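Chemist: Structure incoming, see below.
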2 protein chains.
Amino acid sequence: MNPVTDPYRDIPLFPLINPRSIAFFGASNRFSAMGTNQLNSILALDFKGRIYPVHPKETTVLGMKAYAHVAELPEVPDLAVLVLPTGIVTETLKACGEKGIRHAIVVSGGFNEVGGEGKALEQELVAVARQYGIRFLGPNCLGVVNPHHAFNVTFAAFEGRPGFIGMASQSGSLLTQMFAYLEQFHIGFSTGISVGNEASVDIVDCMEYLAACPHTRVIGLYIESIRRGEAFIEAARSIAPHKPIVAYYAGGSEAGRRAAFSHTGAMAGPDQLYDGVFRQCGVVRASSLTELFDFCWVLGACTIPCSHRVIVLTHSGGPGAAAADACSRNGLALPSLSRQTLERLMPLIPKTGSTANPIDLTFSQDPLAYFKSIPEVLLADDEADGLLVYCFTPHQNMKRIMESQGLPEKDIDAFTRETARQIAEHMRTLADNHAKALIGFTYQAPDMPIIEHLLASGIPILPSPERGVRAMAALIQYGRLVQNLTAGD
Amino acid sequence: MNPVTDPYRDIPLFPLINPRSIAFFGASNRFSAMGTNQLNSILALDFKGRIYPVHPKETTVLGMKAYAHVAELPEVPDLAVLVLPTGIVTETLKACGEKGIRHAIVVSGGFNEVGGEGKALEQELVAVARQYGIRFLGPNCLGVVNPHHAFNVTFAAFEGRPGFIGMASQSGSLLTQMFAYLEQFHIGFSTGISVGNEASVDIVDCMEYLAACPHTRVIGLYIESIRRGEAFIEAARSIAPHKPIVAYYAGGSEAGRRAAFSHTGAMAGPDQLYDGVFRQCGVVRASSLTELFDFCWVLGACTIPCSHRVIVLTHSGGPGAAAADACSRNGLALPSLSRQTLERLMPLIPKTGSTANPIDLTFSQDPLAYFKSIPEVLLADDEADGLLVYCFTPHQNMKRIMESQGLPEKDIDAFTRETARQIAEHMRTLADNHAKALIGFTYQAPDMPIIEHLLASGIPILPSPERGVRAMAALIQYGRLVQNLTAGD
């Protein structure tokens, strides 16, 4: 693709999120300083671009040549990052403008969010940016993480992998706190953007960038208030049919509203209003932060089912009944299986098992049947468009049985790994071959052998029956929202 | 205490859950057999009592002398465990009765839960038990785990610690699947009982046992249907004021009901009926399996707050706002802090922070202030009776800072461990010194240094703001239920 006409690279935010060169203000050789920490984050991820620390006194910063003034830099960098005391932010941005820099991240706080004088300061900052044609993130933000570009300017070390969740957040630290959380499920951010006070770049700009970003399969939003309501609706309506958007709105209740106000200084609107807005423009609403990431996960990883009919497969009654109950409460139907399916299923199910939906094996001696032959039959049934599989393998028991047969430890480990690998591969193939949604759920930790392999193969395994069911319901809801949107065209 | 008059030891279920000697039917030297597996579970936990395998052909089973017939045993064991084909269960129980055995666990299925002939077989089994005065668990159950007695007869290896959650479950495998799940939070079962078809011992009998059990601080119930409604209400009403009861009911929705029916063969009642029953008799209802264990955890670990007023402490806006929002939605109030508290707090909070409730530090450089000095001030405020603390320490960052200062790896580890230990100790002391509820919430994995130490010290750290808030609300709900119960006396 010719970069000159690439619409993605032409988006105003592109250089801000994929800079080739950075002027960094506020890092020193004092390791506990916020700015130093943030520059260290950039270095830790082995950023490939050029970095120019600017510091009034130091000649080197973290081993790099430092410049006393931005005017002295040998080139015009794509991006300036400002982690400076409030009082010198505006003049520094002005100097950047004069150098010709057109993109900035203003981490510094002390503006609109503190009220009073801060508001005036923010107006000045915006005026300077306008004067020089600068687009900037913040102020009062934590910056950007773009693992696909090895670029992490947040204060937190990035401990993850490049993923498919593009996120814009009105809480910056939330992003950083999700690095390790997402990583345990083998998922991650394509890009995470902390929007701060949104003085220049707001959440709608981020949505437009993420819509075009080829690494982003789903857009997640943490919202305390939407400033440009109409622009949000318009952007969401045009993006949602092609790329799912999931939003968590924290300002819906009285206490949430107050917390949001003291956090960003913005007023939040009533819950029902946001509910209506989200529905109207095809945005899937998450009722908690946990759900925000659960929904992003499955929407980025699964086929969207054509109906609300699903099958639950379990070998344990409790989690199966809990999943069935959650299905009912979340508007999912559990159809009876077709006669054909039942005939194919019978030889695979123990005598004590049940072929009603949930399919309950009551116990599972053969993980390959449970994770391959049976799901294969179930996914072929025309009665349903989604499959929820309880994933729990009695690792300790299998180990015990093998030990009693005199197998040495290393053979047990090798066998366990090989079984886990095979199961994950079968499941992956099944998910690929059937245009149906496949979601697992478990109570086992993500580092248990089979769970780990399933996660690594890209199959979402949610940490409880209810979360698995809610995630399946989100897929179905998204399908319906898109139908409604496109029906209106 | 004289065992002869100890009311706990006199409970009919006592020998079933704390046997000194066991006759085991259905174990062989075939390692994949269910019975062998269950006997292996008993052996694996280093059970201190005597075990007598009974097998028609083998002379030894798993290295122990085997007996061809129960009549040949050198003593009358406290308990018989039957993992046998359906057809020979009744005659075996009869032989046990003739030997003088008065307690049994019937793991075998093929009775009421399969309908038809199975129902007749269960009636015969009950008749034999009546004839010999035998009380038995099951049929169609997984048995008992009592880690305080090193007794685990379930098929799953016990990977946990003796804990304080006494559970009776109509799903047996659910119990076993929670062994590792609870262990990761440093909690565990005092006793877990799989009730199966409840032909002789039912969930009400288990509640009465668990109410008397000194290791049990809270009773958890997984319910698909209650057979003896009036007895349940009477038992719960008398137990709840002294020991909290938490119930998850899976049969409330149409699909849950059908799943429950095919699982245990019992009919479930409408959701509202169970809701009313639970409220009426002081039982806290959990809306998911995850909540069942969350609620048991905090009810066993925390002081019950006297009001619904709580404080949220955070250093990150997103999780703080999410917690505040969840508080509103769950009926908790976030009062403003008293003037006195604000005065004491000011010097401890960064300039960018907020002392509205949530208290948001926006960033935290000093974990000892965050986990000690600030909570100490907040817990002293008369305006609130509960404290929710966001627990997230940027482990990688702290490590990075120490590394940049040239600290060797092992000193960093030692320092991290020591800080974590101190923090956990401070928090534990605070929780002990104030008669208030203290619950943490986090997105970090339970094995992160500080989280791990906090969990080990017995402070509940829930895995999300919403779960932390719901758990706090459960404490408050329990307090109110007990008030209502005792007001009616």
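Chemist: Conditions: (1) modelled with pLDDT of 95 or more; (2) within 14 Å of chain A (Cβ to nearest Cβ). Residue B:479 meets all but one. Number of the miss?
Modeler: (2)
Chemist: Quick one: is residue B:423 in contact (Cβ under 8 Å) with a residue 12 or more places away in the chain, more than 14 Å from every other protein chain (Cβ to nearest Cβ) and touching a His at 6+ places or on another chain (Cβ under 8 Å)?
Modeler: So residue B:423 passes the test.
Chemist: Still on this structure: Say whether the condition of being among the aromatic types (Phe, Trp, Tyr) and under 16 Å from residue A:326 (Cα atoms) is met by at least one residue in the stretch A:431-442.
Modeler: Yes, there is a match, as at least one residue in the stretch A:431-442 is among the aromatic types (Phe, Trp, Tyr) and under 16 Å from residue A:326 (Cα atoms).
Chemist: Keeping to the stretch B:200-239, report how many residues are in a loop (DSSP other than H, G, I, E, B) and farther than 21 Å from residue B:288 by Cβ.
Modeler: Going through the stretch B:200-239 one residue at a time, the tally reaches 10.
Chemist: Sticking with this structure for a sec: Output the residues belonging to the stretch B:401-411 that are open to solvent by 50 Å² or more (accessible area, probe 1.4 Å) and either within 13 Å of chain A (Cβ to nearest Cβ) or of a type in the set (Phe, Trp, Tyr) (or both).
Modeler: B:403, B:405, B:406, B:407, listed by residue number.
Chemist: Restricting the search to the stretch B:461-470, which residues are in contact with a Ser or Thr (Cβ under 8 Å, 6 or more places away or on another chain) and open to solvent by less than 30 Å² (accessible area, probe 1.4 Å)?
Modeler: B:461, B:462, B:464, B:465, B:466
Chemist: Only one of these is over 23 Å from the mean Cα position of the chain (by Cα), assigned by TED's automatic domain parsing to the domain that holds residue A:91 and buried (at least 23 other Cβ atoms within 10 Å of the Cβ): A:137, A:125, A:121, A:142. Name it.
Modeler: Going through A:137, A:125, A:121, A:142 in turn, the sole match is A:125.
Chemist: Right, another one. Kindly establish whether residue A:283 is of a type in the set (A, V, I, L, M, F, W, C), buried (at least 23 other Cβ atoms within 10 Å of the Cβ) and under 19 Å from residue A:218 (Cβ atoms).
Modeler: Yes.
Chemist: To continue, here is another question. When the residues of the stretch A:378-400 are narrowed to those that are open to solvent by 10 Å² or more (accessible area, probe 1.4 Å) and more than 17 Å from residue B:176 (Cα to Cα), which ends up farthest from the other protein chains (Cβ to nearest Cβ)?
Modeler: Looking at the filtered set, the residue picked out is A:380.
Chemist: Something else: Report whether or not residue B:458 is surrounded by 18 or more Cβ atoms within 10 Å (Cβ to Cβ), under 28 Å from residue B:285 (Cα atoms), of a type outside the set (Lys, Arg) and in contact (Cβ under 8 Å) with a residue 60 or more places away in the chain.
Modeler: No: the conditions fail for residue B:458.
Chemist: Does residue A:442 qualify as being within 14 Å of another protein chain (Cβ to nearest Cβ) and open to solvent by less than 40 Å² (accessible area, probe 1.4 Å)?
Modeler: Yes.
Chemist: Across the stretch B:154-165, which residue is modelled with the highest pLDDT among those that are surrounded by 19 or more Cβ atoms within 10 Å (Cβ to Cβ) and within 14 Å of chain A (Cβ to nearest Cβ)?
Modeler: B:154
Chemist: With A:420, A:414, A:435 as the choices, which residue is open to solvent by 20 Å² or more (accessible area, probe 1.4 Å), assigned to a helix (DSSP H, G or I) and at pLDDT below 95?
Modeler: None of the others qualify; the one that does is A:414.
Chemist: Here is a further query. Filter the stretch A:330-356 down to the residues that are touching a helix residue (DSSP H, G or I) at 6+ places or on another chain (Cβ under 8 Å) and closer than 22 Å to residue A:474 by Cβ, then identify the one that is nearest to the other protein chains (Cβ to nearest Cβ).
Modeler: A:334
Chemist: Which pairs have Cβ atoms under 7 Å, sit 6 or more apart or on different chains, and link a residue in the stretch A:141-155 that is touching a residue at least 60 places away in the same chain (Cβ under 8 Å) to one that is of a type in the set (D, E, K, R) and surrounded by fewer than 23 Cβ atoms within 10 Å (Cβ to Cβ)?
Modeler: Every condition considered, the pairs that remain are A:147/A:161; A:150/A:46; A:150/A:48.
Chemist: Could you please give the count of residues in the stretch A:288-327 that are part of a helix (DSSP H, G or I) and over 14 Å from the mean Cα position of the chain (by Cα)?
Modeler: 11
Chemist: Still on this structure, I have one more. Looking at the stretch A:202-257 only, could you name the residues that are within 14 Å of chain B (Cβ to nearest Cβ) and open to solvent by 40 Å² or more (accessible area, probe 1.4 Å)?
Modeler: A:254, A:257
Chemist: Which one of A:467, A:428 is outside any strand (DSSP E or B), away from chain B (no Cβ under 14 Å) and not hydroxyl-bearing (Ser, Thr, Tyr)?
Modeler: Result: A:428 is the single residue among A:467, A:428 that is outside any strand (DSSP E or B), away from chain B (no Cβ under 14 Å) and not hydroxyl-bearing (Ser, Thr, Tyr).
Chemist: Tally up the residues in the stretch A:173-194 that are farther than 13 Å from residue B:316 by Cβ and among the hydroxyl-bearing types (Ser, Thr, Tyr), please.
Modeler: The qualifying residues number 2.
Chemist: Select, from A:343, A:291, the only residue that is open to solvent by 50 Å² or more (accessible area, probe 1.4 Å), farther than 23 Å from residue B:32 by Cα and acidic (Asp, Glu).
Modeler: Among A:343, A:291, only A:343 is open to solvent by 50 Å² or more (accessible area, probe 1.4 Å), farther than 23 Å from residue B:32 by Cα and acidic (Asp, Glu).
Chemist: Among the candidates B:325, B:294, B:360, single out the residue that is within 29 Å of residue A:470 (Cα to Cα), within 14 Å of chain A (Cβ to nearest Cβ), in contact (Cβ under 8 Å) with a residue 12 or more places away in the chain and out of contact with any Asp or Glu (no Cβ under 7 Å at 6 or more places or on another chain).
Modeler: B:294
The values are calculated or read from the model by the stated rules, or taken from the named source; none is laboratory data. As the structure is a prediction and not an experimental result, all values here were calculated from the model. FYI the Cβ positions are ideal-geometry reconstructions off the backbone, even for glycines, and counts take in every protein chain you see. Just the protein is used for accessible areas: all its heavy atoms, side chains included, with ligands, DNA and RNA removed. Shrake-Rupley method; radii C 1.70, N 1.55, O 1.52, S 1.80 Å.
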